[in-house]
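Each reported figure results from applying straightforward, stated rules to the coordinates on display, with no laboratory input. Everything quoted here is computed from the prediction, not taken from an experiment. All Cβ positions, even for glycine, are placed from backbone atoms using ideal geometry, and neighbour counts span all protein chains on display.
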Amino acid sequence: MPIARIHFWGIDSKYLFYILVGISVAVFLLGVYSRVSVWLAAVNREKVIVSREGILNLLMDGLFGRRIFKGDLIAGLMHFFIMWGFIGLFLGTVLSTTDYWIIHFLSGDVYLIYSFCLEILGLMFIAGLLTALIRRYIARVSRLDNQAQDLWILVLLFFCVLTGFMVEGVRLAVNMPEGESVSFGGVIFSSLPSSKEQAEAVYPIIWWVHSLASLFLVAWFPFSKLFHVLAGPVNIYMASQPEAVVSRDEESPEGPGFLFRDMINFSACTRCGRCNEVCPSASAMEPFSPREFIAQANEYTRLRYNPLSRIKWFREKLIKSVSALPEISPEQIWYCTTCRACLEVCPIYIGAFEPIRRVRTSEIEEGSRVPNLLTKSLETLYMFDNPWERSKKKRGEWFGDLAVPDLTAGAKADLCYFVGCTTSFDTRAQGLARSFVKIMTHAGVSFGTLGQKETCCGDIARRVGEEGLFEEQVKKTMGLLKTYGIADLVASSPHCFNLFRNEYPLYQSPGATPLRVRHYTQVLEELMERGLIKPVKRMDLRVTYHDPCYLGRYNNIYQAPRRLIRSIPGVSLVEMAHYGPDSLCCGGGGGRLWQELEDEKKLSEVRIREAADTGADIVITTCPYCLIMLEDAVKTADLEGRLRVMDLNELIAESLGLGEEGEESTIG
Amino acid sequence: MNIIVCVKNVPFTQEVDLVLDASKQDVKKDNLVYVINEWDNYAIEEAIRIKEETGGHVTAVTLGKEADEEVLRRCLAMGADEAIRVERGDLNPDASMIAAILSAVVKTIPHDIILTGVQSDDLNNGITGSLIAERLGLVHAAVVNSLKISEGKAQISIELEGGQDEMSQVTLPALFAIQTGINEPRYVSIMGIRKASKKEIKVIDASGLGLPGEDLQPSLIMEEMFMPPETEGAEMLQGDAGSLADQIIRIIREKGVSL
Amino acid sequence: MAKILVIAEHRNNELREITLQMLNKASELCRANGHELYAAILGNNIEGLISGLKEWADKVIVYNDPRLKDFNPDNYRDVLTALINEQKPIVTFLGHTPWSMDLAPGLSVKTGFPLATDCVDITMDSGRPKVVRQVYSGKIFSRMAFRDASGYLITVRAGAFPAAKAFDYQAEIIQGAMPDLVTQGRREFMGYRDTCKGEVDITQAELLVSIGRGIGEQDNIPQVQELAGIMGGTLSCSRPVVDKKWLPKYHQVGTSGKSVKPKVYLALGISGAFQHVAGISGAGTVIAVNKDKKAPIFRVAHYGAVADLLNVAAALKEKVSVK
């Protein structure tokens, strides 16, 4: 008889086994059903479309774990081993079942190859699991918060694979067919029993222990963080889905109104903690953590939308297991700067800031817990079309003596410069606008502004979840642009730019000509390429560049500002510890500029110290929020006289000899 | 607990340059933004808080034109159960007329507590609340900066001048004129206002209240409004922040304060 | 002879200054128009206060009764209604104070006399008063006449007139007869509470650096606090800052806070609501910095600057610390 896969060796009660398999699979399916039901309980479920990017991401990030390797090679390898060990052994079991029930093919060489592969996979699996255990409990990687299930899942997996080897080993101890030495793992264990008789006696016990542990694993799977095996790939695919307008209306239910993708996010998170490491708020020890938020949201949605929770017994169990009715504590959500760093590092594309906005919306609608200053700013925005000043008239005051064409007063130009509220009203940020106008005039570009009629694009409303106000601002602004026939826009602020570029199109009627939107860095780069601006003045300066979140991570513009900086003779660019996609938020985004929160930290000081550490004379930025925040941090961090903060426009204007009078001598 | 809150839509005039209209009887209002009277915002918030704590029914009442319903929608969005607008027609009521009309309206609605703001930002009379109470024969208190309700009584504190409060106990039903700072009024979202705009606002015509003619005559006749005399006032310092600072320091030293 | 009646206000056995301010204006009007000046005072055991009024009016009517011990709008209204019906003054003055805001409307309803509140000026025009009031957060003045009536009620803004004796009087003291009090015990007085006790005594400071709504956000306060420290001054504020709980109440200047008398009062971002202005009438020199060039504070300040307070504060800090 040729060597072949042996099924149910010495096991009589295989029907009992299949009953248990049935139960285990049923529990598994019930678990999956309940979790998918939570997904489907989302409001305004968006349509899922076929996306090439999604499929590609699924391959790279799902099968190869591309994003897990990023920044943490060991974690990448560990996950790769565990994942492929797990998948391989699972496939092995499937093949074995097929061999037993459908078509017998695991014999001879095929069997030997099969068996050898399983040994390798098992070893990989063990290696991965050991690495995981070491990382968690010996090396104590700081971003991992070891909870009970983290340990039990690893132990259970380890136990399953170990008993698997033992089952094989004990069988081999009784009878070692020729060629079976390929099963080197089993061979090791075959020396364990002292005699054939003993081996024969313990075999059923070990077999059952192995089977029961494995079946328990299957049943527990959808109820534990292992569910990420299923939800993770779905989340990876969903990440590239186009954003849809989720308009809340009068009939929307109370509560956060999470979207489909939010629900998948929550259920897919394994609490790896990468988000916490990069979150500017969490790392400054503010009372906020993206991981905790996702975990709370997961508990909240799991209990509220789980079909099983309709059964009293189950609901009580669930409530007990989370100790109280889970709520998403509302204080934490205002700390998020929406900097997108969490999404940047998450292996499966979970970004806490999007569902946070949903919670903000429900808090805004509830009303009584909205931070004090934010209330005032939003009311100001509603009444006076800007969050800064209780006056519409002051919008044009930054012009000063500059001649700025006003498109709403008869000036004709193709390009509209959208100044933005912060740039218009904040005395420091006004320098950005003045320099930009000087550069544009110097380059002979025909452009104009909307003068006093310019509206607020609605960014603050959008970020803090005041969706109704945001929609009002969209309507108002689109109406204004239409009235003056504007189709080409350049914005001071990455926030306005991002909104016009990525969020306004969702509100445009289909078929309408899309607006061409650029950030000023893109326009300046083009002017430089066309030779219309040539920085001539030599400035022997060491500068560093702070990437604004909404220009960098949100819109992938990293190189234009750097090329512009490097084009200035004498200027050398040095990078901070965090730059490009890893850039650290100044702390002004997400509505933080308009709030006062308890225990809030000066996130801008952390950043300005990084800038100072480069030894640079000047930190350049390209966003009015960053400009204000960093400028303020220079003062509070006692760096005055050592470090200056400038907008890129100001630096370029200086290098073109267009600087503000009286200030020329202060640079270089 | 039935609570009625009297509210008013007023032009926002802080940080705004006001200009008199041709009649010199009022300011030009076409460019002004209208908001809920600041004191009334605290009053409606207080009413909602009492309702949230003890249960009850909150009715917001305003005397005004259709455009003034905005203030009622805001109250509904904050949590009021019912809103009534009294159409003022061609009347241009002063405080005594407002009180006469509002008291005729609230008389027909069950009430344990009536709240008003201490005063309005525009006309600044500060008596509408007490006038309503006196017309209805209700006990009242002006400038209330703390209000606790228990067992048919209200423990209140009244803000006096000079940093003193008067503590009193008032038997309900009663009227309280609410002072700013008594609470922190909640944010009212645009979505909340949109939702509230679906609710019905009851409209009552002031002329249909059966008030005697003298109640609909003003007590006070506006002769003219005028800008404060220009000659009065400060010597204005000029210059940038640095130069202003120099001048301020010089003045402070001249006045005998050593820095 | 027609009469002008002034209702005296007192608390904790002290006449309130508003009483003397009203008597100042009333005596001026009486002299010019040949009217008689009456003062009325209500309370219990108020002999000491009566003597304080003697030189201020032609007649002082006293209601001394245990039921009038503490202010109660019901009781006070009933007594004063009886008094007015009996004496028929052409004009009755009350202070525009929380007390009178509770009292004057009741008198108006009971007597049928028209009422003008918070008046900053009063004139008599052919036997009928005319008043000047401030409207729209004090940015506009309005001149008002009364409808025809047999008597008129006016509440007077604190600080509108000096608390100085315009003419000398030797008043006849008349004991008023208590009428029936109809509404008993609806409002019970429990006591006074000081709200301004605290670590800082702004009433003793020579230099007050005071902030108002214009400070914008709480985060900006430490900056000004530091400035006040460097300048050797004390930090104070106007009501909105306390309402927002950004500073404790003992920093508050104004009618609901404290009246102050520094040599220099530096008002940063204070618009100058009258309640605030009333609290700084004792200040030697007022310097106001405000972004709004029409802010009422500039009408009472001696020096003003239209500027962002934070910029000025930063410049002051820099310049003072250098010297």
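Amide hydrogen proximity for C:Asp121: with H placed 1.01 Å from N in the peptide plane, the residues at 5 or more positions away or on another chain lying under 5 Å are C:Val132. Within chain C, DSSP assigns beta bridges of which about 25% are antiparallel (rounded to the nearest 5).
DSSP bridge analysis restricted to the protein assembly as shown gives an antiparallel fraction near 30%, rounded to the nearest 5. Charged side chains reduced to their Cβ positions (Lys and Arg at +1, Asp and Glu at -1) give the protein assembly as shown a dipole of some 1640 debye around its Cα centre. The protein assembly as shown has equivalent-ellipsoid semi-axes of 71, 39, 27 Å, by the square roots of 5 times the alpha carbon gyration tensor eigenvalues, sorted largest first.
Helix B:38-54 versus the longest principal axis of chain B: what is the Cα-based angle in degrees, 0 to 90, to the nearest 10? The helix B:38-54 is inclined about 40 degrees to chain B. Each Lys and Arg adds +1 at its Cβ and each Asp and Glu adds -1 at its Cβ; summed about the Cα centre, chain A shows a dipole of about 720 debye. Each helix, a run of at least 4 DSSP H residues, gives -39500 (n - 2.57); summed and divided by the residues of chain C, these come to -8500 deg cm²/dmol at 222 nm. Legend: mean number of C-beta atoms from other chains within 10 angstrom of residue C-beta atoms, peptide B:245-255, equals 6. Ranked by the mean number of other Cβ atoms within 10 Å of their residues, highest first, the peptides A:281-288, A:139-146, B:71-78 fall in the order B:71-78, A:281-288, A:139-146. Overall, the ratio between the Cα radius of gyration of region A:155-233 and 2.2 N^0.38 Å, rounded to two decimals, is 1.32. How would region C:50-98 be classified by its alpha-carbon gyration tensor: rounded, prolate or oblate, with rounded meaning a/c under 1.5 and the a/b versus b/c comparison settling the rest? The shape class here is rounded. Excluding same-chain neighbours fewer than eight residues apart, the lysines reachable from A:Lys412 by a Cα-Cα span under 28 Å are A:Lys392, A:Lys393, A:Lys394, A:Lys438, A:Lys453, A:Lys475, A:Lys476, A:Lys482, A:Lys534. Estimated from helices alone, the mean residue ellipticity of chain A at 222 nm is -16000 deg cm²/dmol (sum of -39500 (n - 2.57) over DSSP H runs with n ≥ 4, per residue).
Taking amide H as placed 1.01 Å from N in the peptide plane, the amide H of A:Tyr545 sits under 5 Å from that of A:Val574, A:Met576, A:Ile620, each at least 5 places away or on another chain. A Förster radius of 41 Å, combined with the Cβ-Cβ distance separating C:Lys110 from C:Glu217, puts the computed FRET efficiency at roughly 0.30.
Straight-distance candidates among the lysines for linking to A:Lys635, with alpha-carbon spacing under 23 Å and chain neighbours fewer than 8 residues away dropped: A:Lys601, A:Lys602, C:Lys317, C:Lys319, C:Lys323.
Taking the Kirkwood radius as Rh and the Cα radius of gyration as Rg, region A:249-366 has a ratio of Rg/Rh equal to 0.98. Convex hull volume of the Cα atoms of region C:3-175, normalised per residue: 107 Å³.
In terms of distances greater than 28 angstrom between alpha carbons, the cross-link table entries B:Lys195/C:Lys293; A:Lys225/A:Lys312; C:Lys258/C:Lys294; C:Lys110/C:Lys139; B:Lys148/C:Lys197 yield B:Lys195/C:Lys293; C:Lys110/C:Lys139. By how many degrees, between 0 and 90 and to the nearest 10, does the Cα long axis of helix C:98-111 differ from the longest principal axis of chain C? Taking Cα atoms only, the helix is inclined about 30 degrees. Gap in Å between the Cα centre of region B:79-121 and the Cα centre of region A:6-82? That distance is 64 Å. Under 11 Å from a label point 7 Å along Cα→Cβ of A:Asp488: give me every residue in region A:442-481 with its amide N that close. So the set is A:445-448.
Counting only Cα atoms, the size of chain B along its three principal axes is 63, 45, 40 Å, in decreasing order. Summary of packing: across the peptides A:631-638, B:236-243, the per-residue average of other C-beta atoms within 10 Å ranks them, highest first, as A:631-638, B:236-243.
Once the chain from B:Val33 to B:Thr108 is taken as fully extended at 0.36 nm per residue, the excess over their C-alpha distance is 23.7 nm. Cα-based radius of gyration for region A:383-527, normalised by 2.2 N^0.38 Å, reads 0.98. Here is how the number arises for chain B: DSSP H runs of 4 or more residues each give -39500 (n - 2.57), the sum is divided by the residue count, and the result at 222 nm is -8000 deg cm²/dmol. Evaluate the distance, in nm, between pseudo-label points positioned 7 Å from the Cα of A:Ile134 and of A:Val25 along their respective Cα→Cβ axes. Output for this residue pair reads 3.8 nm.
Looking at region B:2-216, the DSSP beta bridges with both ends there are about 40 percent antiparallel. Farthest toward the positive end of the dipole of region C:3-175, out of C:Leu94, C:Tyr38, C:Phe167, is the Cα of C:Leu94, where the dipole comes from beta carbon charges about the Cα centre. For region C:1-99, a simple Cβ point-charge model (Lys and Arg +1, Asp and Glu -1, everything else neutral) yields a dipole of about 160 debye relative to the Cα centre. For helix C:73-87, report the angle its Cα long axis makes with the longest principal axis of the Cα atoms of chain C; keep it between 0 and 90° and round to the nearest 10°. For helix C:73-87, the angle is close to 50 degrees.
A simple spin-label model places the labels of A:Val229 and C:Lys245 5.1 nm from each other, with each point 7 Å out along Cα-to-Cβ. With R₀ set to 51 Å, the beta-carbon distance separating C:Asn311 from A:Phe90 gives a calculated FRET efficiency near 0.15. Once the C-beta distance of A:Asp599 and A:Lys635 is scaled by a Förster radius of 25 Å, the resulting FRET efficiency is 0.70 to the nearest 0.05. Length gained on full extension, A:Trp9 to A:Phe105: 32.8 nm, using 0.36 nm per residue less the C-alpha separation.
Distance between the pseudo-spin-label points of C:Glu28 and A:Ile311 (7 Å out from Cα toward the beta carbon): 8.7 nm. Residue by residue along B:132-139, Cβ atoms of other protein chains within 10 Å of the local Cβ number 4 on average.
In summary, the helical segments of chain A meeting the span-like criteria, namely a full DSSP H run, a Cα extent along the axis of 15 angstrom or more and a mean Kyte-Doolittle hydropathy of at least 1.6, are A:14-40, A:148-174.
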